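Report on the structure given below.
The values are calculated or read from the model by the stated rules, or taken from the named source; none is laboratory data. Values in this document were obtained by computation on a predicted structure and should not be read as measured data. Cβ atoms come from the backbone with ideal geometry, glycine included; neighbour counts cover every protein chain shown. Accessible surface is based on the protein model in full, side chains and every heavy atom, while ligands, DNA and RNA are left aside. Shrake-Rupley method; radii C 1.70, N 1.55, O 1.52, S 1.80 Å.
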Amino acid sequence: MLVTIPVTLGTALCISVILQQITKGQKIFRLSFLYPIIMPIASIVLVIQFFFKNNGFLNLILNFFYLPEKDWLHTSSAFWIICILYFWKFVGYYIFIYSSRLQMIPKEYYEYASLHGAGKWQSFYYITCPILFPVILFTLILSIMNAFKCYREAFLLGGTHPDNSIYFLQHFMNNNLQNLNYQKVSASATIITVFILFLSGLIYMIYYFLKRRTADA
């Protein structure tokens with residue numbers, strides 16, 4: 001979450017703002033970013049294995065240049081593969097959300113700001129950011145919840161006992177459930193629930209504090 005969420009949301013916001021400047025083919029670009037969401041996860045994993053398996057495409061390239069091959073899926077490199085997969089899968093979804101909200105902002109706001117000498121960065125900071133702030137918090141909560149859904153990808157890539165860098169709490173729960181260790185499974189489920197509720201509550205508290213501070217100002 002610390003690696004993928006800031007990069008994914010930041011990239012989605014930048015691309016959404018850029019798409020607003022495109023007059024032709026904007027809908028096609030927006031819909032194209034949704035393809036990773038609807039693609040079956042099994043087919044995506046097959047593509048990743050094609051590139052990163054021991055006899056995959058990348059190792060063939062390394063072997064061609066007489067470089068040492070690497071076990072991408074069972075070392076710490078698997079962590080970055082999962083991060084790239086998360087980014088590729090969800091960045092289009094957040095672009096679609098941001099673009100939909102940006103289209104609802106009246107253009108008169110920017111025209112009025114331009115008449116008073118405001119540049120693009122000033123318009124973005126004083127107009128776009130405050131209007132998008134609730135949506136950004138909403139996508140932040142969604143991205144936290146989606147981060148817990150990466151277990152399927154990690155399981156298909158590394159099995160029940162992958163590398164420690166992608167050994168999720170869901171692996172721990174699944175392995176203990178198979179061993180009928182219900183106490184650890186219950187404790188793990190409680191930890192996940194409390195953690196998500198804590199982060200969601202913290203985000204809403206920050207939003208309420210900033211909204212109240214803005215109203216008082």
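What tally of residues in the stretch 52-92 results from selecting those that are in a helix (DSSP H, G or I) and either open to solvent by 20 Å² or more (accessible area, probe 1.4 Å) or not aliphatic (A, V, I, L, M) (or both)? Step through it out loud before you land on a result.
Residues of the stretch 52-92 that are in a helix (DSSP H, G or I), as a first pass: 52, 57-64, 77-92.
Still in the list and also either open to solvent by 20 Å² or more (accessible area, probe 1.4 Å) or not aliphatic (A, V, I, L, M) (or both): 52, 57-64, 77, 79-80, 83-84, 86-90, 92.
Adding up the residues that qualify gives 20.
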Residue satisfying all of: in the stretch 1-16; among the β-branched types (V, I, T) and surrounded by fewer than 16 Cβ atoms within 10 Å (Cβ to Cβ); modelled with the lowest pLDDT among these: V3
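May I ask you to say which residue of V17, V47 is free of Cβ contacts under 8 Å to residues at least 12 places away in the same chain and either assigned to a loop (DSSP other than H, G, I, E, B) or of a type outside the set (K, R) (or both)?
One residue alone meets the criteria, V47.
Every residue in the stretch 152-161 that is among the small types (G, A, S) and not in a helix (DSSP H, G or I), please. Step through it out loud before you land on a result.
Applying the first criterion (among the small types (G, A, S)) to the stretch 152-161 yields 154, 158-159.
Passing the criteria: only G159.
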Quick one: in the stretch 30-49, which of the residues that are out of contact with any helix residue (DSSP H, G or I) (no Cβ under 6 Å at 6 or more places or on another chain) and open to solvent by 50 Å² or more (accessible area, probe 1.4 Å) is nearest to C129 (Cα to Cα)? L31
Going through the stretch 162-197 in order, the residues found to be in a loop (DSSP other than H, G, I, E, B) and either buried (at least 16 other Cβ atoms within 10 Å of the Cβ) or at pLDDT below 85 (or both) are P162, D163, Y167, F168, N179, L180
Got at least one residue in the stretch 103-123 being more than 22 Å from the chain's Cα centre (by Cα), of a type in the set (S, T, Y), open to solvent by 90 Å² or more (accessible area, probe 1.4 Å) and modelled with pLDDT under 85? yes
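Sort out which residues of the stretch 19-59 are of a type in the set (F, W, Y) and under 21 Å from the mean Cα position of the chain (by Cα), and write them in order of number.
Filtering the stretch 19-59 down to residues of a type in the set (F, W, Y) leaves 29, 33, 35, 50-52, 57.
Scanning the stretch 19-59 gives F29, F33, Y35.
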